[in-house]
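Visitor: Just passing along the structure, written as structure tokens.
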Amino acid sequence: MNIFNFRRKELALAVAATLATAGASTTYAQEGTSGTQAPKPEISGPAIEEIVVTTRLMDSAQELVLERMEQPFSAEVLGVDQIVRVGDSDVAAALRRVTGLTLIDGQYVYVRGLGERYSSTTLNGALVPSPELSRNVIPLDLFPTSILSSLKVHKAYAPDQPAAFGGGNIDIRTRGVPANPVFSVSVGTGWNSESGDDGLTTLGDGGDLPGPIAAAIRVPGAVEANNQDLMLSLNRDIEIEEDSLDPDFDASITAGNSWLLNDDVEVGVLATVEAKNQFRNEDQVERGFSNPDQIYANVNRTVEEDNLTAALNLELNFQNKHSLATSSYVLQNNEDQSSIVLSHNPDFLFADGQQRKLYATRLEERELIVNQVTGEHIIEDGDFGFVALPDFITAVNVNWIYSDSTARTDIPNATSIQATNTLDPATGRVISSSLSVGSSSQFNFLELEDDVESGGFEVELPFEFANVYGTISGGYQDNTKTRNYYGYTANIEAPGTSNREGTPGQVLSNENLLDPANGFFVTMGSNFGTESYIAAETLQAAFGAFDVTFDNTWRLSGGVRWEDFNRGVLPIDLLDLEGEYIRRLIEDLQNPNQRMAIHADDVYPAIALTYMDQGFMGADDFQVRLGYGKTVVRPDLREVSDVQFIDPELNIRRKGNPNLLFAEIDHLDLRAEWFYGDGSSMTASLFYKEIANPIEEVERPGPQDAKLLSYDNAKTGEIYGIEFEGLKELGSGFFLTGNLVLSDSKVEFSELSAQTSESRRLTGHSEYVVNAQLGYDSDDGRHSVSTVYNVFGERVFFAGLSPSPDAYEEPFHSLDMVYSFYPTDQATIKLKAQNILGEQREFTQGGVTILEEEVGTSLSLDFKWAF
């Protein structure tokens, strides 16, 4: 949607004013953080972030195990073979299997009990933006496993990673060009027990903000003067009806090859296209904690989801010492929701024969476009005829990356129509239905665009003296990020004297709207304050690191990272035609205590000591590592913007808090690993994190029948625990792998806060997480079976507003099974069952189940042919 372009000039001036003012008056000097004067105004984004994750199955590639062993700081690696083995179709599902990781809403990952704001995601080591409106991290189900090479998860901070590190960093590493010809095609279908028959569909197809309205809001008085024309221009073809749902469908195709042009030069290409479609009934029951018998809602909701992924990789290799590669990705995700909500509250009591009815439609179109260029160079003594390296330097390794990515989200014509049902209290039968008086019909239009440009390089010098060897490295990274978040709300107002009987399509018909006796009219703006904001971030970073091994027994690794961070966030009023709102903003920026523009810089150290031995407890390889790191977690732009937005997953309204401070974290890790010759392994880890100013999700005062969540800083927090992971061959083709995390956390709020619990566990933290897998491979290699179980302990959903207690998400026991049949070397038939136990999501508050959501059991069948 380009309907907002007419405001861009004014907004650009506002951003310039913001950062200019930051340079004049705003230094971010949080306690424990050095503050300096802000530099020249620049708009840009956060640092590149790396991440790491690991689990191993019996058929894991050996290089992944070796990579894990060779990490100087605690890290894990999950290979694509492992992911395919358990039938996970996207990155989010795969990460459920990793020690200490839990999956939220099927899209977001908590690492060691810390919420998604404490984890970060990179693509091939580069920061990319998120098209998700309600989260600060990328929805990981956006990335299909068809483009993956591996997933890497850092659980301990290292100097070459961004200092914005909390629980961990997840690096999605995509496939490179193949050494030999590859071609594969797959097709699949599926079914869900809650969505196998009928669901809700919307007759209309959304539509952008109508041209007449876009033109009228530029001219003072035009909305009032052309009211009827503006009403008729809105797409009111929004009748919701029940219809049969199609089964799931997915298909993909991949092709690639490499060619040797001469003895020195090789070129390669790999291309992938994948498409998916599914319908899901995501019905909910909501209850008010204070009076669940009077405040409750039954939500009938159907979501259609379409995904399209296209990837193209090119690579040029010279003498296996210099490579130049490009990677381009287009990932699209569209969610089309239709829902009907029947609810009661003290103003609409069942006993009085009153019921609220909400008709809602929402199409969310998300797109992520990424273009990356990378280079890897090995420079040795005598190269190019003039390179001369000292005897103790074995080579110079230079790696660099440039990444340019854009995330867009459009919500064209999301509608919310409020109606009132008159009931027979004795039977519950609906006697009549009419649209509510006032601004009962809302039409929302929203656009988000994030642009992130990042680049960096790293130089590594391997060295060796007798029984001492290692590397010295250093590098630089630069990231810029800009965001435009624009929203409009149009309301059709219904006077009490108007004809409001019937469905939305009947009441909002042309004939009814044009009848002067009804008096319908259009207004602009929501009841929730500012609807739009613009923002920008810049981050420059430099690091130096060392990694030294003594006598193949002791290894010392460490270094320091410096980061310089700038941010500007401006709420804007797109209906301010006179510029008065912008002038007030500029005045507010003169206040030395303002939080719209900030600057901070600091240094972040890390160090690790590893002891290595062969034969300890019968292991072929054993190592134990102790590490320390200091990092920072900066709130996301959404969390500091003074704007309300809807979390579409649970239909809960959220609002940012401009006064949020950075959270600073000290990390301690102790990790021991045993690797055995038969492929078995065992890992045990202790971890402790101390957090200053932890960022927590809290409840705010809101409507009597709806939740409003926001964010606050607690005073202090800590989390500590122990992790176990193991892989054991059982014989006869069976093996068992699993992991267990036992942990606890504590967060302390000020006595002046409005929270019910001044001391409690961190939001999203589970005291235990269990993953277990029983696998079988037949001797002839034609059959494999995996049974996978996952459960997390009760976790805090949000902190209750005094005197309401905290809300919790209850444990979800997930049991999945995958059977793969390989009739030929080229063909694979896969049958997968998910949520076999038929669990549903439940959230409780003070013993009251405030939210239930059906999930259903899913079955899928896939066929793949490859050579």
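The values are calculated or read from the model by the stated rules, or taken from the named source; none is laboratory data. Being a predicted model, the structure only gives us computed values, none of them experimental. So basically every Cβ, Gly included, is an ideal-geometry build from the backbone, and we count neighbours across all protein chains shown. Accessible surface areas use protein heavy atoms only, side chains included; no ligands, DNA or RNA. Shrake-Rupley method; radii C 1.70, N 1.55, O 1.52, S 1.80 Å.
Visitor: Percent relative contact order of segment 538-614, based on C-alpha pairs within less than 8 angstrom and at least six residues apart?
Guide: 40 percent
Visitor: Given Lys655/Lys830; Lys152/Lys630; Lys155/Lys715; Lys655/Lys832, which pairs have Cα atoms separated by over 32 Å?
Guide: Result: Lys655/Lys830; Lys655/Lys832 exceed 32 Å.
Visitor: Spelling out what I want: for every residue of segment 575-582, take phi, set θ = phi - 60°, compute 6.51 cos²θ - 1.76 cosθ + 1.60 (Karplus), and round to whole Hz; glycine and proline get x.
Guide: For segment 575-582, the Karplus curve yields 9, 7, 7, 9, x, 5, 4, 5 Hz.
Visitor: Under 5 Å between amide H atoms, partner at least 5 residues away or on a different chain: which partners does Ser439 have, H built in plane at 1.01 Å?
Guide: Those qualifying (amide H under 5 Å, at least 5 residues apart or on another chain) are Ala494.
Visitor: Okay, moving on. Size of the chain along its principal axes in angstrom, Cα-based, largest extent first?
Guide: Computed over the Cα atoms, the extents are 95, 67, 60 Å.
Visitor: Which loop trypsin sites (Lys or Arg not before Pro) in segment 776-832, with loop taken from DSSP, have no more than 13 other Cβ atoms within 10 angstrom of their Cβ? Please list the in-between numbers first.
Guide: Working: sites: Arg782, Arg795, Lys830, Lys832; in loops: Arg782.
Filter output for segment 776-832: Arg782.
Visitor: Something else about it: List the trypsin sites (Lys or Arg not before Pro) in segment 399-488 that DSSP assigns to loop (not H, G, I, E or B) and whose Cβ has at most 12 other Cβ atoms within 10 Å. Which are they?
Guide: Arg429
Visitor: Quick one: dipole size for the chain, taken about the Cα centre, charges +1 on Lys/Arg Cβ and -1 on Asp/Glu Cβ, in debye to the nearest 20.
Guide: 1160 debye
Visitor: Now a separate question. So what is the accessible area of segment 128-223 per residue, in Å², with the probe set to 1.4 Å?
Guide: Dividing the accessible area of segment 128-223 by its residue count gives 30 Å².
Visitor: Can I ask one more? For Ala754 and Glu690, what does the FRET efficiency come to when R0 = 22 Å and r is the distance between their Cβ atoms, rounded to the nearest 0.05?
Guide: 0.30
Visitor: Could you tell me the center-to-center distance, by alpha carbons, between segment 263-290 and segment 729-785 in angstrom?
Guide: 23 Å
Visitor: How far apart, in nm, are two points set 7 Å out from the Cα along the Cα-to-Cβ line at Phe863 and at Asp478?
Guide: Inter-label distance under the simple model: 5.3 nm.
Visitor: Among 611-620, 683-692, what's the highest-first ranking by average C-beta atoms within 10 angstrom per residue? Before the final figure, lay out the partial values.
Guide: Values: 611-620: 13.2, 683-692: 19.6.
By packing density, highest mean first, the sequence is 683-692, 611-620.
Visitor: Take the Cβ-Cβ distance between Asn593 and Val560 as r, set R0 to 35 Å, and report the resulting FRET efficiency rounded to the nearest 0.05.
Guide: 0.65
Visitor: Ala225 label point, 7 Å along Cα→Cβ, cut-off 16 Å on backbone N: hits in segment 555-587?
Guide: Output list for this probe position: 577-578.
Visitor: In whole Å, what is the distance between the alpha-carbon centres of segment 469-545 and segment 829-867?
Guide: That distance is 31 Å.
Visitor: Give me the dipole magnitude in Debye, nearest 20, for segment 662-784 about the Cα centre, with unit charges on the beta carbon: positive for Lys and Arg, negative for Asp and Glu.
Guide: Working: 10 positive and 23 negative charges, 42 e Å.
Dipole size: approximately 200 debye.
Visitor: May I pose another question? Work out the charge dipole of the chain with +1 on the Cβ of Lys and Arg and -1 on the Cβ of Asp and Glu about the Cα centre, then indicate which of Leu575, Gly168, Ile238 is farthest towards its positive end.
Guide: Of Leu575, Gly168, Ile238, it is Leu575.
Visitor: With every protein chain kept in place and ligands, DNA and RNA left out, what is the accessible area per residue of segment 545-585? Probe 1.4 Å, answer in Å².
Guide: Counting only protein heavy atoms, the per-residue value for segment 545-585 is 42 Å².
Visitor: Now for a different question. Going by average Cβ neighbours within 10 Å, how do the peptides 599-606, 194-201 rank, with the highest at the top? If you can, show how the numbers build up before the last one.
Guide: Numbers: 599-606: 20.1, 194-201: 18.5.
So the peptides 599-606, 194-201, ranked by packing, come out 599-606, 194-201.
Visitor: Given a Förster distance of 41 Å, report the FRET efficiency between Arg841 and Val273 from their Cβ-Cβ distance, rounded to the nearest 0.05.
Guide: 0.80
Visitor: A further question on this structure: Pairs of Cα atoms under 8 Å, at least six residues apart: use those to get the relative contact order of the chain, whole percent.
Guide: Relative contact order comes out at 13 percent.
Visitor: Right, next: Just add up the charged neighbours of Ala466: K/R +1, D/E -1, any other residue whose Cβ is under 13 Å from the Cβ of Ala466.
Guide: Result for the neighbourhood of Ala466: -3.
Visitor: I would also like to ask the following. Based on the Cα atoms of segment 328-372, what semi-axes does the equivalent ellipsoid have, where each is the square root of 5 times one gyration tensor eigenvalue, given in whole Å with the largest first? Please report the intermediate quantities before stating the final value.
Guide: Details: eigenvalues 362, 14, 5 Å².
The answer is 43, 8, 5 Å, longest axis first.
Visitor: Quick one: how many Å² of Trp259 are accessible to a 1.4 Å probe, rounded to 10?
Guide: It works out to around 120 Å².
Visitor: Quick one: pull the percent of accessible area on the chain belonging to carbon and sulfur, 1.4 Å probe, ligands and nucleic acids left out.
Guide: 55 percent
Visitor: Here is a follow-up. How far apart, in nanometres, would the label points at Thr326 and Gln354 be if each is projected 7 angstrom from Cα along the Cα-to-Cβ direction?
Guide: So the two model labels end up 6.4 nm from each other.
Visitor: Okay, next question. In segment 744-760, whose amide N lies under 12 Å from the spot 7 Å out along Cα-to-Cβ of Thr716? List them in ranges.
Guide: Within reach of a label on Thr716, which here means backbone N under 12 Å from a point 7 Å along Cα→Cβ, segment 744-760 contributes 746-749.
Visitor: Output the peptides 634-646, 657-669, 159-171 sorted from most to least packed, where packing is the average of other Cβ atoms within 10 Å over each peptide's residues.
Guide: 159-171, 634-646, 657-669
Visitor: Could I ask something else about it? State, to one decimal in nm, how far the label point of Glu511 lies from the label point of Asp551, with both points 7 Å from Cα in the Cβ direction.
Guide: 9.6 nm
Visitor: Relative to a virtual label point 7 Å from the Cα of Ala827 in the Cα→beta-carbon direction, which members of segment 164-200 show backbone nitrogen distances below 17 Å?
Guide: 184-189
Visitor: What percent does the relative contact order of segment 199-276 come to when contacts are Cα pairs within less than 8 Å and at least six residues apart?
Guide: So the answer I get is 30 percent.
Visitor: Moving on to the next point. For the chain, what proportion of DSSP beta bridges, expressed in % and rounded to the nearest 5, is antiparallel?
Guide: Just about 95 percent of them are antiparallel.
Visitor: Next up: If you take the charge dipole of the chain about its Cα centre, with +1 on Lys and Arg Cβ and -1 on Asp and Glu Cβ, which of Trp562, Tyr359, Ser454 is farthest toward its positive end?
Guide: With unit charges placed on the Cβ atoms, the residue in question is Trp562.
Visitor: With everything on Cα atoms, drop me the angle between helix 8-25 and the longest principal axis of the chain, reported from 0 to 90° to the nearest 10.
Guide: 60 degrees
Visitor: Related question: Express in whole angstrom the spacing between the alpha-carbon centres of segment 789-820 and segment 653-693.
Guide: 20 Å
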